[in-house]
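Following: one structure in structure tokens, then a few remarks.
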Amino acid sequence: FNSNDLPPYRDITPKQLEILITQTIFQTTGLQGLSILMDDVDEFSASTVIAWLMYTRETLRRLFYNVRTSPNVNILEICGRQKLETLALAHNSITGVEPNFQRFPCLKSLSLSHVSISALDLSLLLTACPKLESLELVNLEIAMSDAQVTVELSCPTLKSIYVEAISLDKFMLEADSIERLHLRDCALELFELIGIGTLKYFKIDDVSVIHLDIGETIDNLEVVDVSNFTIIWPKFYQMISRSSKLRKLRLWDVAFDDEDEVVDLETIAVCFPRLKHLALSYELRDGVMHYGLQGSSNLENVMVLELGWTVINDLFSHWVEELLKRCPNLRKMIIFGSVSEVKSHEECQILANFTSSIVQLMRKYMNVEVHFEFE
């Protein structure tokens, strides 16, 4: 039941909607998946929602729950100690977690979105999920116990974590099985991952972080995707330089903390010999080109190349051409560009020159598939 997907839901009262859902659920036996997403509905009766959950909890495997009630319904108390494998909660509050009583022995995937919870209860909740593999934390309201907001989580079975729109002083995660880490739109003073080197996928997008540590043993990294981020390149490079298994590297709209620091293709080619997918956004600052063309090493295994600009100039075409020369086995190239609504004659001429250059260039590389995406 989704209030966003079905227009008729908007034309009936919450009480009528409760009756509709009740009639539907009580006609089922052995229900395994229940999704109630009520963004456009003000509030449901807590007693009615409890009745739905009590009726279905013994057979439920997947519960997606975004329902505002008065008073708040304690999902953990009702659905704990059952067979639930996937739980997604939104716009709710969680208080007083008791891992021994509110235990989820089968839960593999947990998602909390716009949920109010203390750092301690969040830690205890993970303790109550001994088989948890996937965790999503989106726009949590972390209750403050002191001046600093610190979250310390430990989950030995966790394989994937996604964190979005969270502001914390310290976020520490201990996970010896972690393979995927994605941070988005967060403000953190410190983020530290403690593990044994199982991380394969690392993505960070529009994150403000002063101290970032994803572990010393990251030899198994296959994907590094960094965008909208200020980076201390020597420190970051030191973290990922031993990742000889890297298959995809994306550095997009990255600002370098040290103005004299330049990332060149030679460094990328030598450190990541297995690289198959490379994405770089062109930037020329104070006459210095990032991702410069120093050295002569080729990117032999790169088959997909993504290149883009925020401010275009005539050097961009030359940069694209040199990158094509460095990728002898390239199969696909995608060019991303930003085009403003109002353009001067000079800007139009630069775009025209770029178009002509690309047409001439691609005649030399007939085996490369080319796509353009403008915004």
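Where strands (runs of 3 or more DSSP E) sit wholly within the range 222-283, those with at least 1 residues that are at pLDDT 90 or above and either basic (Lys, Arg) or surrounded by fewer than 17 Cβ atoms within 10 Å (Cβ to Cβ) (or both) occupy 223-231, 248-256. Residues in the range 25-35 that are in contact with a Phe, Trp or Tyr (Cβ under 8 Å, 6 or more places away or on another chain) and more than 23 Å from ARG103 (Cβ to Cβ) were compared, and the one that is surrounded by the most Cβ atoms within 10 Å (Cβ to Cβ) is ILE25. Considering (1) at pLDDT below 95; (2) closer than 17 Å to SER116 by Cβ; (3) open to solvent by less than 60 Å² (accessible area, probe 1.4 Å), the lone condition that TYR65 does not fulfil carries the number (1). Between ILE350, ILE312, the distinction of being modelled with pLDDT under 90, in contact with an Asp or Glu (Cβ under 7 Å, 6 or more places away or on another chain) and more than 30 Å from LYS245 (Cα to Cα) belongs to ILE350 only.
Among the numbered conditions (1) open to solvent by 10 Å² or more (accessible area, probe 1.4 Å); (2) touching a residue at least 40 places away in the same chain (Cβ under 8 Å), the only one that ILE50 does not meet is (2). Applying a threshold of 6 Å to beta carbon distances and a minimum spacing of six or more residues, or different chains, the list of pairs starting in the range 307-319 at a residue that is among the hydroxyl-bearing types (Ser, Thr, Tyr) and ending at one that is open to solvent by less than 20 Å² (accessible area, probe 1.4 Å) reads SER317/PHE354.
Taking the residues in the range 202-219 that are open to solvent by 40 Å² or more (accessible area, probe 1.4 Å) and either in contact (Cβ under 8 Å) with a residue 40 or more places away in the chain or among the charged types (D, E, K, R) (or both) as candidates, determine which candidate is farthest from GLU133 (Cα to Cα). The qualifying residue farthest from GLU133 (Cα to Cα) is ASP206.
Within the range 95-124, residues that are modelled with pLDDT under 95 reach partners that are open to solvent by 30 Å² or more (accessible area, probe 1.4 Å) and among the basic types (Lys, Arg) with beta carbons closer than 8 Å, at six or more positions or on different chains, in the pairs PHE101/ARG81; GLN102/ARG81; ARG103/ARG81. Inspect the range 303-319 for any residue being surrounded by 15 or more Cβ atoms within 10 Å (Cβ to Cβ), touching a strand residue (DSSP E or B) at 6+ places or on another chain (Cβ under 7 Å) and of a type in the set (Val, Ile, Thr) and give the result as yes or no. So far as the range 303-319 goes, yes, one or more of its residues are surrounded by 15 or more Cβ atoms within 10 Å (Cβ to Cβ), touching a strand residue (DSSP E or B) at 6+ places or on another chain (Cβ under 7 Å) and of a type in the set (Val, Ile, Thr).
Every listed requirement among (1) under 25 Å from ALA128 (Cα atoms); (2) assigned to a strand (DSSP E or B) is met by ASP176 save one, (2). Restricting the range 161-190 to residues that are charged (D, E, K, R) and under 20 Å from ARG247 (Cβ atoms) leaves a set whose member that is most open to solvent (accessible area, probe 1.4 Å) is ARG180. Against the test of being without any contact (Cβ under 8 Å) to a residue 60 or more places away in the chain, aliphatic (A, V, I, L, M) and surrounded by 21 or more Cβ atoms within 10 Å (Cβ to Cβ), the options LEU199, LEU193 yield a single qualifying residue, LEU199. Among the residues making up the range 77-88, a single one is more than 14 Å from GLY33 (Cα to Cα) and open to solvent by less than 10 Å² (accessible area, probe 1.4 Å): GLY80.
The values are calculated or read from the model by the stated rules, or taken from the named source; none is laboratory data. Every value quoted in this text rests on a predicted model; they were computed, and no experiment measured them. Quick reminder, even Gly has a Cβ in these numbers, built from the backbone with ideal geometry, and neighbours come from all protein chains shown. Heavy atoms of the whole protein, side chains included, go into the accessibility calculation; ligands, DNA and RNA do not. Shrake-Rupley method; radii C 1.70, N 1.55, O 1.52, S 1.80 Å.
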